Every structure is written in C-alpha cells, then in structure tokens.
1. What single numbered condition from (1) in contact (Cβ under 8 Å) with a residue 60 or more places away in the chain; (2) part of a loop (DSSP other than H, G, I, E, B) fails to hold for residue 371?
2. So which strands (runs of 3 or more DSSP E) are wholly in segment 476-587 and hold at least 3 residues that are surrounded by fewer than 16 Cβ atoms within 10 Å (Cβ to Cβ)?
3. Suppose we filter segment 575-594 for residues that are touching a residue at least 24 places away in the same chain (Cβ under 8 Å) and more than 20 Å from residue 12 (Cα to Cα); how many remain?
4. Quick check on residue 672: is it in contact (Cβ under 8 Å) with a residue 24 or more places away in the chain, surrounded by 16 or more Cβ atoms within 10 Å (Cβ to Cβ) and over 30 Å from residue 103 (Cβ atoms)?
5. Could you check how many residues of segment 588-618 are more than 22 Å from the chain's Cα centre (by Cα), within 25 Å of residue 540 (Cα to Cα) and not in a strand (DSSP E or B)?
6. What number of residues within segment 295-307 are at pLDDT 95 or above, out of contact with any helix residue (DSSP H, G or I) (no Cβ under 9 Å at 6 or more places or on another chain) and surrounded by fewer than 23 Cβ atoms within 10 Å (Cβ to Cβ)?
7. Is there a residue in segment 422-430 that is in contact with a strand residue (DSSP E or B) (Cβ under 7 Å, 6 or more places away or on another chain) and farther than 22 Å from residue 451 by Cβ?
8. Could you tell me whether any residue of segment 567-576 is modelled with pLDDT of 95 or more, within 25 Å of residue 497 (Cβ to Cβ) and touching a strand residue (DSSP E or B) at 6+ places or on another chain (Cβ under 9 Å)?
C-alpha cells in the first residue's frame with residue numbers, strides 16, 4: 001500500500017478530559033501542561049509568571065490583600081493619571097498604597113508610622129483578616145470583615161483639594177515631638193482628624209491622622225529636624241492632599257452651636273457645627289410662615305453630597321402671623337474634617353412629627369443659600385477672619401422651602417445610623433458598585449428598628465441611595481434565601497445586574513430601575529456558588545468564577561455558561577480546584593484560574609477566543625493573594641514577591657498529549673513508519689521524548705529513542721517510528737528531557753495500512 005499521512009496542525013481546541021481520548025476533536029489534547037495554544041496552528045511553551053519585585057515582610061490572608069485603582073493625583077498630590085495598589089498586612093492591619101505597581105513596589109512600612117507607603121490602619125485585631133475594598137468617586141473604602149475582630153474600623157482614603165475656611169494657629173501647650181508623628185498637646189478641643197497642619201518640622205501637606213486621646217494626636221507623616229516642644233502650629237486652611245479617616249458620616253455636635261436672635265452672629269466651637277442668628281421681621285406682612293414655634297436641626301454634608309443625620313438645636317423661635325426671618329447669618333469656626341464640604345440647617349414645628357424642611361444650605365467654598373434651587377449669591381459668600389467665617393449679608397427667608405431632608409437624601413433622618421465607620425467591629429464581607437449605588441453583603445450592622453443594636457446578618461444585602469456611596473440607611477436592604485443554611489460570600493455586578501453568591505447558590509438581581517421598588521430577582525442557580533470573592537473576576541465577556549465543581553461565566557447576552565464543560569470533574573486538573581483564585585489577562589483575553597491558592601498548585605488558563613483550556617504548574621507561595629489586573633497586566637502577591645502573568649514564550653518544562661487517532665478507520669491496521677515534526681526554538685534545544693500509546697491503552701506502549709533533534713533554531717525533525725509497529729489507533733505524547741523553549745507548528749505521521757486480520761502484533 002502507498003504511504004499515507006496523518007497531519008496534526010491545529011491545537012487551539014486545548015484540553016479535553018471529559019470525552020474518551022478517541023472522541024475528542026482533532027484540534028484538542030488529552031493532556032497539556034506549560035504550553036499555550038491561543039495562536040492558531042501553533043503550540044508553544046510559556047513562562048506563565050514572572051517576578052516584578054519584592055516587598056519587605058508582611059502577612060496575607062489566602063486570596064486577599066490586593067486592590068488596584070486609578071487616581072487623577074499621585075501620592076505627592078500632583079495632578080497625574082496613575083495606577084495605585086492597596087497592599088494589606090493582616091498581622092498589623094496596616095494598608096500601604098503603592099504607585100506604579102506593575103513595574104515596581106517599594107519596601108512597605110513595617111511600623112505603621114509615616115512610612116513612604118503607609119496609608120491607614122484597619123484596626124487592632126487582625127488574625128485571619130478579610131480585607132474588602134471598593135473605589136468610587138475618587139476615594140478608596142476599606143474594611144476588615146473577619147468575624148469577631150471587634151477593634152477593626154471601616155476606612156475612607158481619598159485625595160481632597162478644597163478650601164476649608166480660615167486657619168487657626170496656637171501653641172500646642174507642652175507639645176513635644178522628635179522625628180515622630182505623635183505630638184503631645186493640651187488643646188485637644190481645637191484639633192480634628194483631617195485638619196491640615198503646618199509649622200516647625202511639619203512636612204508639607206501633613207494633616208491630623210488621628211486624635212489618640214485628650215493629650216496626643218498623630219500626624220500623617222513623621223516630623224523632621226529633631227526635638228521640638230512648645231511650638232506654635234497652624235491648623236486648617238486649604239487642603240490639597242490625600243486623607244485617610246474612619247468612614248463615619250458623623251453629625252455635628254452642639255458645642256457652641258446656637259440659634260440666636262442678637263442681630264450678629266456668634267461662632268461655634270471649631271469643627272462642631274454652625275451658629276445661626278436670625279431676626280424676626282414683624283412689621284411687614286409678606287411672611288408665609290404659619291404662626292407657631294419652630295425648632296431647628298443641623299447636619300454636615302460630606303463629599304459626594306452625602307449628608308449626615310440631624311442634630312437638633314436646643315433653642316426655638318416663635319413667629320406670629322405674617323412674620324418671617326430676615327438677616328439670617330451663619331458663623332463657623334475651622335478647621336473641619338476635609339471630608340466635610342458644608343452642612344444644612346432644617347426647620348419644623350416644635351415638638352411635631354412634621355418633615356424637616358430646608359432652612360439653609362451651607363457650602364464652605366461658595367457661601368450660604370436658602371433652598372436647593374437658589375444660587376449662591378456673592379452677597380452671601382464668606383467673610384473670613386483667621387479661623388472664623390460668616391456670610392457677608394444676611395438672608396431673607398419669607399416662607400418654607402419645598403426641599404425636605406427626605407426629598408434631598410431619599411431617606412428619613414430618623415433611620416438612626418448611616419455608616420460602617422460609626423463604631424468598631426462593623427463590617428461587610430463583600431461589595432460591588434452598580435447603577436450608581438454601593439451594595440454590600442453579609443453585614444454586621446445596625447438593625448432597622450434596634451436603635452444602637454447591631455447584628456450579624458449573613459443573608460442581607462445593604463445598598464446606598466443613588467450617588468451616595470458611603471451612606472447605608474439600615475432600612476435599605478434586600479434579604480434573599482433567609483435561613484437557607486447558606487451565607488452570602490461575594491457580590492459582583494455587570495451592567496445593571498447584581499450577581500449575589502452564597503456558598504452553593506447564585507442569585508441574579510435586576511437593579512435597572514432607578515426606584516428600588518422596581519428591582520426583582522431575575523433567576524436562581526443552585527450548585528454554582530463560591531466560597532470567597534477572589535474566586536470571581538469581571539471581564540469584557542461577563543462575570544467568571546470557579547468553584548470545586550466547575551468554572552463558569554455569566555453575561556446578559558449569553559446567560560450562564562459552564563466554561564469547563566470539556567473537563568472531567570472527577571479527574572485532574574478539576575479535582576485540584578480546592579481553593580480557587582481567579583484573574584484575567586486582557587491583552588490575550590485569558591481567564592486565569594489558580595486551583596489551590598498558595599499551595600503550589602497548577603494554574604488553568606481559559607482562552608476566550610478559542611474557548612480552550614491549558615494548564616501550567618506555576619503558581620506557588622504560601623500564602624498568596626487575590627489577583628488584580630489593568631488593561632495590560634495581571635498581578636498577584638506570593639509570599640512577598642509581586643508576580644506578573646507572562647504568556648510570552650519562555651524556557652521551562654512542558655508536555656502535551658494528542659487524541660487517540662484512528663486514522664479514519666479503527667478496524668484497519670496501520671504500520672507507523674515515521675513522525676515528522678516542524679518546530680522552532682530560540683536556542684539549542686534539548687531532546688524531546690516521544691511516548692506512544694497503542695490501541696486505546698492508558699499506559700505507555702513505549703518510547704522512541706533519539707526521537708528529537710538537538711540542533712539550534714529548529715526546522716524539521718524526522719523521527720524513526722518503526723519501533724511502534726502496527727496499531728489500530730495511536731496517541732502521542734511529547735515532553736522535553738529538560739527545560740527548553742519550543743514552538744511546534746505541525747506533526748505528520750507517515751504510515752501504511754495493512755489489509756489483513758488483526759494479529760498479535762497490534763496488541764504490543
């Protein structure tokens with residue numbers, strides 16, 4: 001019989017362990033490790049990862065610790081588009097913020113005291129920490145969700161560029177500091193977290209990071225120049241710096257805050273709230289106020305127009321028929337926390353349950369106005385003297401505003417609580433931002449009717465009003481699957497859909513409607529939940545995740561798809577999915593699945609264009625972090641080494657095994673004559689062993705000696721295959737005898753058919 005040819009030139013089908021080796025596609029493989037197939041017509045080995053740099057010692061929780069975000073300001077406060085990486089240390093609770101994380105990473109600050117990268121401390125208790133982050137509207141939010149860590153805080157970290165009113169200067173009493181961020185003082189009532197500080201030995205842009213107790217505060221950076229004492233420092237003024245603060249939307253305190261009728265404004269205690277002076281117009285009859293006694297309340301307004309709850313003034317004012325308010329003046333004393341951009345004053349009938357109606361809208365930069373639709377007039381801008389400010393001309397308020405606290409904010413001021421930073425030990429397990437709201441789940445938070453009572457609610461999803469990303473009224477929640485024996489473990493969003501994961505169940509919630517009454521549970525999927533957020537990643541193809549039983553993707557257009565449908569769940573590599581961590585590499589549209597995070601496990605790589613899997617034995621380190629990506633790279637942390645995914649061809653071990661070929665007719669014997677391989681290599685190659693399997697055997701039938709060329713740069717190698725003899729079907733495995741770099745273009749098997757009854761030779 002004439003020579004015949006079997007050509008294997010396509011490999012992009014990747015790994016298929018689900019079907020019998022004879023039934024997989026011609027372009028699929030029954031084994032593959034250390035190789036890539038996403039370039040059609042070629043199979044080549046890659047490095048899978050490379051070390052970017054290292055950091056000093058730190059501790060990680062498996063699958064936790066990293067968060068990538070972008071800012072319009074670098075850490076020196078310059079206007080610059082930059083990528084920043086939050087790196088947490090579970091042993092200390094410290095979080096470092098690092099610039100340019102895909103190229104370098106600075107040594108972390110190990111003391112928590114004004115290191116180059118130190119940003120904030122999540123709290124006092126850290127064993128087994130579960131750090132969660134989200135970034136929106138120019139600020140990073142973080143909390144530690146480890147149950148029982150009662151000393152932990154929720155934090156806010158962002159760049160603030162805002163005038164905060166006049167500055168105040170005073171001697172900090174017996175203050176002493178010596179190249180240290182901690183300063184002793186005797187004037188605690190005038191020192192506030194976030195206040196900009198300047199003076200002898202104070203670094204540029206330093207601010208009050210925390211008020212430790214009544215006699216100590218801590219700067220955001222260490223002082224310089226040696227020992228100091230009894231220094232005069234300046235607090236407040238314009239702020240252009242990064243600020244870290246406990247994420248608490250606190251209401252004003254009353255100290256020095258009064259409603260007066262003196263015809264001239266007084267000034268509240270610094271940072272505490274607003275002093276308001278009113279004059280009753282009794283001679284004119286243009287007033288639209290009802291004749292009664294009125295009470296007043298005040299609030300703070302934080303960045304993003306997030307408003308605190310109300311603090312009620314002690315004083316009230318009585319109006320007669322047709323009276324109104326005139327020459328309304330507001331007095332403030334700085335510094336305030338840089339997060340506070342102003343505040344509001346409300347009015348209602350005394351001792352009533354009426355809605356609180358807007359009386360004054362106060363902006364620290366623009367001045368004062370009487371309702372949300374009014375403009376900030378120049379006449380009501382601020383007159384600043386040292387650290388006190390008042391509006392230049394008094395306002396005339398003839399009748400009630402149409403604006404109420406509820407209409408402005410979307411919730412009642414009676415909800416009791418608003419933020420996770422109000423107390424230590426409050427937390428959420430995971431978070432996503434969708435439809436201009438923040439959604440958090442598995443919360444330890446205040447109950448809607450319990451006053452100061454808190455409760456761990458693992459079946460609850462809390463959400464914010466539109467655009468108010470830190471504001472969590474306790475009565476805005478979704479409860480799903482209550483008492484089902486599962487807890488929410490992770491949240492992710494795509495478009496206007498929320499994917500809410502429990503350990504075994506996935507709920508998909510449609511939040512398209514701007515009104516939460518229009519939201520609905522779109523679908524429920526059993527048996528495909530996840531254990532933690534690091535097993536999920538968002539891609540342009542949809543949300544992808546891994547669990548012990550499979551690897552999945554969901555998108556609005558495709559619905560739910562099992563990406564691992566061609567992989568046998570009862571066999572390797574799927575049996576290795578014990579603690580998966582998932583990442584994404586955008587340049588090549590590849591999903592990266594670490595089988596067992598931090599345990600020296602393999603990495604499965606799914607290529608979206610070819611819909612194929614390959615495998616790398618390349619992920620080591622214990623513990624190891626979650627994965628983060630930008631448009632060009634994907635990184636993670638192994639021990640203290642920053643690793644970067646590298647799909648480019650490299651030198652390493654590899655192997656691949658073809659399907660079991662029957663040459664178009666399994667009943668006919670074939671005598672194998674030669675195997676020709678077209679290949680290339682960047683340097684002198686090592687010998688590659690060809691192992692063959694005859695007639696569906698799972699154990700090797702033999703190997704071909706001297707089966708591979710060792711010449712440099714490649715070409716064509718002719719392998720004598722006469723030792724194979726005859727067979728009905730044939731499977732081939734290729735593996736180098738050492739580390740090497742190869743690209744294989746095609747494999748050709750030359751054979752002759754034998755038209756005779758099967759002999760014992762075929763079974764050798």
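1. Evaluating residue 371 over (1) in contact (Cβ under 8 Å) with a residue 60 or more places away in the chain; (2) part of a loop (DSSP other than H, G, I, E, B) leaves (1) as the failure.
2. Working: elements: 477-479, 488-494, 497-502, 505-510, 520-526, 536-539, 542-547, 550-555, 559-562, 581-585.
Output list reads 520-526, 559-562.
3. Of all residues in segment 575-594, those touching a residue at least 24 places away in the same chain (Cβ under 8 Å) come to 576-594.
Next, from what is left, pick out any that are more than 20 Å from residue 12 (Cα to Cα): 576-583, 594.
Residues in segment 575-594 being touching a residue at least 24 places away in the same chain (Cβ under 8 Å) and more than 20 Å from residue 12 (Cα to Cα): 9 in total.
4. Working: in contact (Cβ under 8 Å) with a residue 24 or more places away in the chain: yes; surrounded by 16 or more Cβ atoms within 10 Å (Cβ to Cβ): yes; over 30 Å from residue 103 (Cβ atoms): yes.
Criteria met by residue 672.
5. 6
6. The qualifying residues number 2.
7. Just the residues of segment 422-430 that are in contact with a strand residue (DSSP E or B) (Cβ under 7 Å, 6 or more places away or on another chain), to begin with: 424-430.
Remaining after also requiring farther than 22 Å from residue 451 by Cβ: 429-430.
Scanning segment 422-430, I find at least one residue that is in contact with a strand residue (DSSP E or B) (Cβ under 7 Å, 6 or more places away or on another chain) and farther than 22 Å from residue 451 by Cβ, so the answer is yes.
8. There is no residue in segment 567-576 that is modelled with pLDDT of 95 or more, within 25 Å of residue 497 (Cβ to Cβ) and touching a strand residue (DSSP E or B) at 6+ places or on another chain (Cβ under 9 Å).
The values are calculated or read from the model by the stated rules, or taken from the named source; none is laboratory data. Here the structure is a predicted model, which is why all the values come from computation and not from measurement. Quick reminder, even Gly has a Cβ in these numbers, built from the backbone with ideal geometry, and neighbours come from all protein chains shown.
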